[in-house]
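Structure, as structure tokens:
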Ligand SMILES: Cc1cc2nc3c(=O)[nH]c(=O)nc-3n(C[C@H](O)[C@H](O)[C@H](O)COP(=O)(O)OP(=O)(O)OC[C@H]3O[C@@H](n4cnc5c(N)ncnc54)[C@H](O)[C@@H]3O)c2cc1C
């Protein structure tokens, strides 16, 4: 069979998806071929915007016939360039943004069935309207989509209590590279029928299939919440504080986020309408939240009691409790604005790493001591999710920082992480930015098995080339 020409492919795609849903002008392509941070720039023949699974199937089949690769894209908020084309191969971006139907909220079964292009915020709203909670929460939730969060196995601020996306997905529908639809749309909490294929696709970053629909777990919606902002002397105290609050408050402790003073300074400088809630500066800060049933008064009393004990024990130096929903949101903004403030500040090297929780202070101490000593401009600032051992150890880049020095900085961070039995990608994935480190992290045998899985599911290498396995 003669391969389809580009013009033939675009014509056929327009016939199937509609003329307006196949974008080709540079102006229309720009938001899809550049990442939000301005770090990754790619080229695409077109952006496809199917509106249903069947249209994704048709697009996948046509691209397969033409030998054109397909880059699935959700909200394009990923941190590793996974949703942006890379390399010389002819590619299209397939945006899931028009698959945005909430299909069913089942409060009795505690499940939510939806299309992959629904944003995380819309999923949360749909659950709340049925008096339920969809807990996955992150600062980009207004744009990040359920499909993107599944493809990256996203974490966020509620993993401590509810787990990450891998724990929240009950069922999936996936369009495979050959255009077949794999129907794994079960709403079951228990299902031990053979290998769990669903989990192959969670965290596969669009390289094994295109997620088109999902069934997600819901939870009872907490009616009471209490939030506190604490000033601390350092990372060691943060881990001790976490354990002490967990001991006293049990699993009502829903979030335990942290940032260092450098990160807070970025927020105070670049975000609007924010203030430092404590009277004097501290090296570290923790945002802790408890949630549960009732009106919140009992939770608040328990939190106040726990705070007295931790302040007395010297685990925290100062604390402020949110007195209203407005104050609670203001405290959360200080944490959630870090990434955006960092972007406004300029270019930076991002390291989304994890170590066992108890090793987190050691990691921060080692990196803070060795980095500036080896590369003069490399002073890290850190923030993240203490409860998950997940630290974002980022370094602001001075203009003109040589590429070799940037690689060295990242390698120093990763070497410390690996020495502490950690992970070089806690929640953002590998994308196009960490392919080189994958073997170092996972070993030849595991990566070899991943290549076999990729070969079996996508022998033509059509799905998201240059990502995860380069
Ligand atoms: C301010 C900010 C804060 C953030 N905070 C967090 C955080 O706390 N925790 C966290 O985990 N992440 C965080 N992120 C990163 C990002 O939001 C998540 O990775 C999110 O899950 C990406 O979703 P998306 O829809 O934007 O995916 P995209 O960026 O569009 O895509 C990400 C990857 O998934 C693939 N993909 C997208 N949709 C599909 C699909 N339907 N089927 C198959 N593959 C698909 C893409 O090809 C790509 O490889 C943050 C980002 C920003 C900008």
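The values are calculated or read from the model by the stated rules, or taken from the named source; none is laboratory data. Treat the numbers as computed from the prediction; the structure is a model and nothing was measured. Cβ coordinates were reconstructed from backbone atoms using ideal geometry, including for glycine residues, and neighbour counts include every protein chain displayed.
Please name all residue pairs, on different chains or six or more residues apart, with Cβ atoms under 7 Å, provided the first residue is in segment 421-439 and is closer than 16 Å to residue 409 by Cα and the second residue is away from the ligand (no atom under 16 Å from the Cβ) and not in a loop (DSSP other than H, G, I, E, B). Note: pairs meeting the criteria are 424/414; 424/417; 424/437; 424/441; 437/414. Evaluating residue 243 against the criteria (1) crowded, with 24+ Cβ neighbours inside 10 Å; (2) under 25 Å from residue 425 (Cα atoms) leaves one unmet condition, (1). Does segment 367-383 contain at least one residue that is at pLDDT below 95, surrounded by fewer than 22 Cβ atoms within 10 Å (Cβ to Cβ), more than 21 Å from residue 342 (Cβ to Cβ) and in contact with a strand residue (DSSP E or B) (Cβ under 9 Å, 6 or more places away or on another chain)? Checking segment 367-383: not a single residue is at pLDDT below 95, surrounded by fewer than 22 Cβ atoms within 10 Å (Cβ to Cβ), more than 21 Å from residue 342 (Cβ to Cβ) and in contact with a strand residue (DSSP E or B) (Cβ under 9 Å, 6 or more places away or on another chain). Given the criteria modelled with pLDDT of 95 or more, out of contact with any strand residue (DSSP E or B) (no Cβ under 7 Å at 6 or more places or on another chain), within 12 Å of the ligand (Cβ to nearest atom) and farther than 18 Å from residue 202 by Cβ, does residue 148 qualify? It is false that residue 148 is modelled with pLDDT of 95 or more, out of contact with any strand residue (DSSP E or B) (no Cβ under 7 Å at 6 or more places or on another chain), within 12 Å of the ligand (Cβ to nearest atom) and farther than 18 Å from residue 202 by Cβ. Looking only at residues in segment 280-303 that are surrounded by fewer than 17 Cβ atoms within 10 Å (Cβ to Cβ) and touching a strand residue (DSSP E or B) at 6+ places or on another chain (Cβ under 7 Å), the one that is farthest from residue 221 (Cα to Cα) is 283. The one condition from (1) within 16 Å of the ligand (Cβ to nearest atom); (2) not in a helix (DSSP H, G or I) that residue 387 does not meet is (2). Entry remark, segment 266-313: residues being part of a helix (DSSP H, G or I), over 26 Å from the mean Cα position of the chain (by Cα) and in contact (Cβ under 8 Å) with a residue 24 or more places away in the chain number 11 in total. Of all residues in segment 439-470, exactly one satisfies the criterion of being out of contact with any helix residue (DSSP H, G or I) (no Cβ under 9 Å at 6 or more places or on another chain), farther than 21 Å from residue 57 by Cβ and not in a helix (DSSP H, G or I), namely 443. Residues in segment 199-226 that are closer than 23 Å to residue 454 by Cα and either assigned to a strand (DSSP E or B) or away from the ligand (no atom under 13 Å from the Cβ) (or both): 199, 210, 211, 212, 213, 214. Considering each of 179, 171, 156 in turn, give the residue that is under 30 Å from residue 227 (Cα atoms) and either at pLDDT 95 or above or within 14 Å of the ligand (Cβ to nearest atom) (or both). Sole residue among the options that is under 30 Å from residue 227 (Cα atoms) and either at pLDDT 95 or above or within 14 Å of the ligand (Cβ to nearest atom) (or both): 156.
Residue 442 passes every criterion in (1) surrounded by 14 or more Cβ atoms within 10 Å (Cβ to Cβ); (2) more than 16 Å from the ligand (Cβ to nearest atom); (3) in contact (Cβ under 8 Å) with a residue 40 or more places away in the chain apart from (3).
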